[in-house]
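Accompanying notes for the structure given below.
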Amino acid sequence: MRLELQKRAGASTLFSILSPFIALVLTLVAGAIMFVILGKPPLASLYTYFVEPLSDPWAREQILVKATPLTLIAVGLAVCFRSGNWNIGAEGQYLIGGMFGAMIPVLFNDWNSPIVLPLILIMGMLGGALYGLIPAFLKSRFGTNEILTSLMLVYVAQQFVDWIVRGPWRNPQGMGFPGTKKFNESAILPSLWQHADAHYGAVIALVAAIGVWFMLAKTTKGFEVTVLGQSPRAGRFAGFSVKNMTIFAFLFSGAMAGLAGISEVSGSVEKLDDKLSLGYGFTAIIVAFLGRLNPLGIVAAALVLALSYIGGEAAQISLGVSDRAARVFQGLLLFFVLACDTLIHYRVRLLRTPKKLSGKTHQPHSPSQVDTAKAKVWNQVGHGN
Amino acid sequence: MDVWISIILSVCAASTPLLLAATGELVVERSGVLNLGVEGMMIMGAVAGFATAQVTGNPYIGALVAIGAGALFSLLFAFLTLTLVANQVATGLALTILGIGLSGMIGEGFVGQPGIRMEGLNIPFLSDLPIVGQLFFGQDLIFYVSIALVFGVSWFLFKTRAGLTLRSVGDNHTSAHALGINVIKVRYLAVLFGGACAGLAGAHLSLVYVPQWVEGMTAGRGWIALALVVFASWRPGRVLIGAYLFGAVTIGQFHAQAIGIAIPAQFLTSLPYIATIVVLVLIARNRRMTMLNTPASLGQSFVPDR
């Protein structure tokens, strides 16, 4: 038995809508198998994971809290990924954004003014954008691989934030625990309703998603992002600059990650501590792909991933399933999403008997032939000029 | 003198996992496939090796199982990117995310348990020689495997017909296909080899370097290995140099922390990551060399036309 792919004439609209749902179903099936292996009742476990939290108002609120940073980061990543830039370091930009935003409430703890909140949100975006600028600058200036540099900067950011909350910014009255002083009232994102954990970050995230959707779908900038992502060569003919796009994409996704960071710091934790890095920057990559890089799809995808976090906590309490199972779910989900995307561009056929290739002869070839072919490919992909 | 030997030995121990994973990834990339899942395969190897050693009491069986686990895990990547032509960058990331999650779940019961260390070799007379004894005859087996692997891979890639085939697939898969080479099969084998190497690298971490299971213990080493391949401009010999350079930086910052240099520990810990970025920039500036050595089909999917 053998799989064979047949290229479709055009992208299948049906499957581009269906594929995330097929992926979700496949993840649930794989999850059920996982629970069987762990010796837990599969259906009851899945129920605890994905249905129970929805019926509990407290859990619903927690889903909203978790979906907020995921949406913000993933919406930025969608722009970046669409433009053909791989920003893997959103986690670092999220951390630095949180730290930059915390600068004002930490250094000017007594400053009470309605201007403080907008200011710290802008500072958060600035921090994330500046941190995102590093890999973008290195890529456009030196041709450095942005995947590796942006990822390395995550580790650097984690260490830096760890240092600052234990060292210079540590709350002297904090009993030695790492973390800054609690922010004063004017530096805190208000709750959505009284005594709620859910804060206005959720509204910001929703507005951002709609705004980015508008930008991608209706503006020239959005067109530029898509063209350069699909064919840098075509983009150049249209007068678009690949290098400027790299800078823009990283600044934008960095700013969104930074905004996520400061909204988490100011809305949820209300201070900067050493537990800010929860892997949202990486989970947001899954969110971006599950949402098919469409900002509105991303809002839905963020809610699904947030549900898996909350369900994971519930399953740990009621079933004794490791909370790591949620991470496994998320990883599996990304796998299935990527696998199902194949259906959009290809027909997949299962062949029973392997077709024999006729005339399978090896032509002797010399390295020089390969080198010539290599040079040709280099020119074709546009490196030659 | 003893101090220096112990420092050199610890540099070897820190470099070996990087060297193994980078050498494996080099073969993968030479075949035109970019597998960003090294970190995930490595940590799966680490947990599989540790768990097996705990159950069987034998670190060598642990290392073998780690190799198998790494290879098996890479098969997931191969199926998605080679058979289903999924995006290689995204799939590699998926492999890393899944690997970190899965290893955390598998290893949960092993956290805090004392590990079983793979002891160094003990060859009568040779291991007891002054200075060179411990270095050349007294280290763990995986260290010697890693060194042999570099020379083996170098010989394979540049001196054998199969190596030429692999490089041709990586440089121009369309031409290779036209010559009758089974591009997909070659790439499957390369990815499996890379997975096996990353698995062994993980085993070295959990059986020799740390001997313990700590969640997320690879701490970006898989990514550093990926950077090393770029740094080495896809040459096995340079991977060796690069890996030991990074090992030296890692050990150097440990010693600096131990001495109590007036730099916060967090800054020293981030040194290897900053060094990676610096090295990537330096190497990228030399465009001609990078261009000549980059496998031309790197990261591109191939669908055979029938």
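The values are calculated or read from the model by the stated rules, or taken from the named source; none is laboratory data. Model, not experiment: these values are computed from the prediction. Cβ coordinates were reconstructed from backbone atoms using ideal geometry, including for glycine residues, and neighbour counts include every protein chain displayed. Side chains included, ligands, DNA and RNA excluded: accessible areas come from the protein's heavy atoms. Shrake-Rupley method; radii C 1.70, N 1.55, O 1.52, S 1.80 Å.
Details
- The helix-based estimate of mean residue ellipticity at 222 nm for chain B, built from -39,500 (n - 2.57) per DSSP H run of four or more residues and divided by its residue count, is -22500 deg cm²/dmol to the nearest 500.
- Area accessible to solvent at B:Phe125, 1.4 Å probe radius, in Å²: 150
- Residue ranking by accessible heavy-atom surface, 1.4 Å probe, largest first, among A:Glu61, A:Glu52 comes out as A:Glu52, A:Glu61.
- Residues of segment B:5-30 with amide N under 17 Å of a point placed 7 Å along Cα→Cβ from B:Ile131: B:5-9
- For segment B:22-93 versus segment A:155-178, the inter-centroid distance based on Cα atoms is 36 Å.
- Per residue of peptide B:168-177, the mean number of Cβ atoms on other chains within 10 Å of the residue Cβ is 4.
- Under 5 Å from the amide H of A:Leu3 lie the amide H atoms of A:Leu351, each residue being 5 or more positions distant or on a separate chain, with H modelled from the backbone and absent for Pro and chain starts.
- Förster-model FRET efficiency, 35 Å R0, A:Ile122 and B:Val281, C-beta, rounded to 0.05: 0.70
- The accessible-area ordering, largest first, of the residues B:Asp128, A:Asp162, A:Asp110 stands as A:Asp110, B:Asp128, A:Asp162, per a 1.4 angstrom probe.
- B:Cys12 exposes around 10 Å² of accessible area when a 1.4 Å probe is run over every protein chain in place.
- Percent RCO, i.e. relative contact order, over chain A, from Cα pairs under 8 Å lying at least 6 residues apart: 33
- For chain B, the longest principal axis of the C-alpha atoms and the axis of helix B:161-171 are separated by about 70°.
- Spacing of the modelled spin labels on A:Val51 and A:Ala30, each 7 Å from Cα toward Cβ, amounts to 2.3 nm.
- FRET efficiency for the pair A:Phe223 and A:Leu18, taken as 1/(1 + (r/R0)^6) with r the Cβ-Cβ distance and R0 = 22 Å, rounds to 0.25.
- Accessible surface, 1.4 Å probe, highest first, among residues B:Glu108, B:Glu25: B:Glu108, B:Glu25
- Across peptide B:102-113, the mean count of Cβ atoms from other chains lying within 10 Å of each residue's own Cβ comes to 3.
- Against the main long axis of the alpha-carbon atoms of chain B, helix B:183-204 sits at an angle near 10°.
- For A:Lys181, the aspartates and glutamates whose Cα comes closer than 12 Å to its Cα, not counting residues fewer than 8 places off in the same chain, are A:Asp110, A:Glu270, A:Asp273.
- Fully extended contour minus Cα-Cα distance, from A:Arg60 to A:Leu38, at 0.36 nm per residue: 5.2 nm
- Centroid-to-centroid separation of segment A:310-336 and segment A:214-239 [C-alpha atoms, Å]: 38
- Probe 1.4 Å - accessible area at A:Leu206, Å² to nearest ten: 90
- Shielding by other protein chains, A:162-169, mean Cβ within 10 Å: 2
- Relative contact order, percent, segment A:70-289 [alpha-carbon distance under 8 Å, six or more residues apart]: 44
- Remark: relative contact order (segment B:2-293) = 35 percent; criterion is Cα-Cα distance under 8 angstrom and separation of 6 or more residues.
- Candidates B:Gln257, B:Gln266, B:Gln139: whichever shows maximal mean-square fluctuation once chain B is modelled as a Gaussian network with Cα springs under 10 Å: B:Gln266
- Using a Gaussian network model of chain B in which every pair of alpha carbons under 10 angstrom is joined by a spring, one finds that among B:Ala51, B:Ala296, B:Ala275 the greatest mean-square fluctuation is at B:Ala275.
- Computed over chain B with a Gaussian network model linking Cα atoms closer than 10 Å, the most mobile of B:Ala227, B:Ala203, B:Ala258 is B:Ala258.
- Cα long-axis angle, helix A:295-319 against chain A (0 to 90 degrees, to the nearest 10): 70
- Extending 7 Å from the Cα toward the beta-carbon at both B:Met291 and A:Leu278 defines two label points whose distance is 4.8 nm.
- A simple spin-label model places pseudo-atoms 7 Å from Cα toward Cβ; at A:Glu313 and A:Ala9 they are separated by 5.2 nm.
- Value at 222 nm in deg cm²/dmol, rounded to 500, when DSSP H runs of n ≥ 4 in chain A each add -39,500 (n - 2.57): -22500 deg cm²/dmol
- Note on B:Trp4/B:Val145: beta-carbon distance plugged into 1/(1 + (r/R0)^6) with R0 of 35 Å gives a FRET efficiency of 0.90.
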